[in-house]
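Worksheet for the structure shown next.
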Amino acid sequence: MESRILYVRLPCNPIFPIGVVYLADHVHKQFPAVQQRIFDLGTVPPLDYASALDVCIDEFQPTLIVFSWRDIQIYAPVGGRGGNPLQYTFEFFYSLNPFVKLRGAFGLTRIATGYYGELWRNLGLIKRGTKRAKKYQPDAQVVVGGGAVSVFYEQLGKSLPKGSIVSVGEGEALLERIVRGESLAQERCYIVGESTPRDRLIHEIPAAIEKTACNYGYIQTIWTEFDYYLEAEDFYVGVQTKRGCPHNCCYCIYTVIEGKQVRINPSDEVVAEMRQLYDRGIRNFWFTDAQLIPARKYIDDVVELLQKVLDAGMKDIHWAAYIRADNLTPHLCDLMVQTGMNYFEIGITSGSQELVRKMRMGYNLRTVLQNCRDLKAAGFNDLVSVNYSFNVIDETFDTIRQTIAYHRELESILGADKVEPAIFFIGLQPHTHLEEYAFKNDILRPGYDPMNVKPWTVHKLLWNPQPLGSFFGHVCLQAWKRNPNDFGREVMDILEERLGRADLESALSAPIDQKPKEQLLSV
């Protein structure tokens, strides 16, 4: 039977669907005769999801549908699904004002309704698409993958149509085997109703596949909605330079899904891919790696890439990325500025070296400061988002004071208006070290449902444990009340007003012999 593959990106925020694009590109290079189509529900009005999917399947009549599901969890620190989940959660759990608490309850109810509504809607679209495809091709196969599926693969399998292939992590090798009709027994997947996921399936090593430049000439022929992402001049289009992350950050799922082995895409291929997008009018690029520079050993690879971007003549571009800022050199800083980096994110989590070490993050905060000085000296004068996740493990008032001192030093280096503190409270993810910590400390019990958003579950999965949980709750409520449009900076100001600021050296030092923890008194 002639293979006809339809990629359906399920509804989510308007983010460039690089996952399905790369899958379709890979399959085309391996099997040029296979017919493919990309259908992006992110570009379709919500009321038309079902009918648009029907029309697409009726026209294409696929033998294989690949559903890409990007998002599920709702523990975001920003607005979404009709409100701010973090704010409503804190209002409900920590506000002393009954009217504010009631507002939080209504807000959480609305968000939970939206969450379950989206969950059921996406499952309904998968079932609808499966049924309709089998109307034309009785033996049509279905693969369900993407970021959300990789995290919640054990739970989602219970709700998917029988025979669905649940894909964990990267899908290129899996699709190759499906097209060839080969056994899937060794792939990171399982088949609903026929097999169960192997123990620690998500921890298995991904296939080593060398990435070549995406053929956007071909992609445009199979994806009619491609121009949607070309029309907005401020839209960032994703380009991947590597896969994998070697670190052990306690709360992060990337290193589990993508594996610890860093696989670098050849710089010539990355630049060739960027050039294709550049020639189509794209000027803003987002390097979608888990970390653009995951360790110092990869600095030379990024230097080579950025030098080739310069040599290619793409001098009017901007780019952004998630960067480990302890892995920079003065030369790399110069290249970053010359090639148009105008935004980056640092996920240091804490400004206390002691806590950074306890969370297994491998960051040297002193080096981060020096590298930021080098960036400033190179002429960088744009926005930096610094992610802080308070109250993760062994937070005390002392470590909070250290984080304040560290943040103020970053502001003095880069400019207070250029350093944006993003205040996160970790949404606990399955398969992480933090989940293991929660089991060992009787915060969670094995067998819990991580997709459950009932209040007593949210209270545990949105990581803000006592004895500091209420303290942070009240600080955040005060920040939303005082300045909701600049929440992160307001949180830092309130924490400094209440606790003061440590000396910077204490933040940068993490002695092996720890002193007894400070008594946590009410502040």
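Roughly how far apart, in whole Å, are the Cα centres of the stretch 366-441 and the stretch 315-329?
Value for the Cα centre distance between the two parts: 17 Å.
Near LYS135, which lysines are there with a Cα under 20 Å away, not counting those fewer than 8 places off in the same chain?
Partners within reach: LYS127, LYS162.
Take the stretch 97-252, compute every pairwise Cα distance, and split them into 5 Å bins from 0; I just need the percent in each bin.
Over the stretch 97-252, the share of Cα pairs per 5 Å bin runs 2, 7, 11, 14, 16, 16, 16, 9, 5, 3, 1, 1, 0 percent.
Longer than 23 Å from Cα to Cα, which of LYS242/LYS440; LYS260/LYS297; LYS211/LYS308; LYS242/LYS460 are they? Say none if no pair is.
LYS242/LYS440; LYS242/LYS460
Normalised by the number of residues in the stretch 25-165, what is the relative contact order in percent for Cα pairs under 8 Å and 6+ residues apart?
Details: 138 pairs, mean separation 41.8, N = 141.
With pairs under 8 Å counted, the relative contact order is 30 percent.
Can you give me the accessible area per residue for the stretch 1-143, using a 1.4 Å probe, in Å²? Let's see the in-between values first.
Values: 6300 Å² over 143 residues.
Result: 44 Å² of accessible area for each residue.
Among 393-399, 464-470, how do they line up by average Cβ neighbours within 10 Å per residue, starting with the highest? It would help to have the intermediate numbers written out before the result.
Details: 393-399: 19.4, 464-470: 16.3.
Answer by packing, highest mean first, reads 393-399, 464-470.
Arrange the peptides 187-195, 165-173 so that the one whose residues have, on average, the most other Cβ atoms within 10 Å appears first.
On the way: 187-195: 18.6, 165-173: 23.8.
Highest-to-lowest ranking by the protection proxy: 165-173, 187-195.
How much area per residue is accessible in the stretch 306-369 when the probe is 1.4 Å and only protein heavy atoms are counted (Å²)?
Details: 2010 Å² over 64 residues.
Here the residues of the stretch 306-369 average 31 Å² of exposed surface.
Quick one: work out the % antiparallel among DSSP beta bridges in the stretch 1-155, nearest 5. Each step should come with its number before you reach the end.
Working: 1 of 17 bridges.
DSSP beta bridges in the stretch 1-155 are roughly 5 percent antiparallel.
Suppose the Debye formula is applied to equal point scatterers at every Cα of the stretch 405-520; what is log10 I(q)/I(0) at q = 0.22 Å⁻¹?
Here log10 of I(q) over I(0) equals -1.27.
Where only protein heavy atoms count, and the probe is 1.4 Å, what is the accessible area per residue for the stretch 171-297 in Å²?
Details: 5790 Å² over 127 residues.
Normalised by residue count, the accessible surface of the stretch 171-297 is 46 Å².
Roughly how many Å is it from the Cα centre of the stretch 195-255 to that of the stretch 454-494, as a whole number?
Answer, in whole Å: 32.
Whole number please: convex hull volume per residue, Cα atoms of the chain, in Å³. Write down the numbers at each step before the final one.
Values: hull volume 77.6 nm³, N = 523.
It comes to 148 Å³ per residue, whole-number rounded.
If you split all Cα-Cα distances of the stretch 314-375 into 10 Å bins from zero, what percentages do you get per bin, shortest first?
All Cα pairs, binned at 10 Å, distribute as 22, 47, 24, 7, 0 percent.
On a 0 to 90 degree scale, rounded to 10, what angle separates helix 49-60 from the longest Cα axis of the chain?
40 degrees
Looking only at the chain, where both bridge partners belong to it, what percent of the DSSP beta bridges are antiparallel (to the nearest 5)?
Working: 7 of 47 bridges.
Of the beta bridges lying entirely in the chain, close to 15 percent run antiparallel.
Calculate what fraction, in whole %, of the accessible area of the chain sits on carbon and sulfur atoms when a 1.4 Å probe is rolled over the protein chains. Intermediate results must be reported in sequence, preceding the final value.
On the way: 11500 of 22290 Å².
Answer for the chain is 52 percent, counting heavy atoms of protein chains only.
Could you tell me whether the stretch 318-454 comes out rounded, prolate or oblate from its Cα gyration tensor? Rule is a ≥ b ≥ c as square roots of the eigenvalues, rounded for a/c under 1.5, then prolate if a/b exceeds b/c, otherwise oblate. Don't jump to the answer; show the numbers that get you there.
Working: a/c = 2.47, a/b = 1.93, b/c = 1.28.
Here the stretch 318-454 falls in the prolate category.
May I ask for the angle, rounded to the nearest 10°, between helix 487-499 and the longest principal axis of the chain, with both axes built from Cα atoms and the value confined to 0 to 90°?
30 degrees
The values are calculated or read from the model by the stated rules, or taken from the named source; none is laboratory data. Nothing here was measured: the structure is a model prediction, and the numbers come from that model. No Cβ is skipped: glycine too gets one built from the backbone with ideal geometry, and neighbour counts run over all protein chains shown. For accessibility, only protein heavy atoms count, side chains too; no ligands or nucleic acids. Shrake-Rupley method; radii C 1.70, N 1.55, O 1.52, S 1.80 Å.
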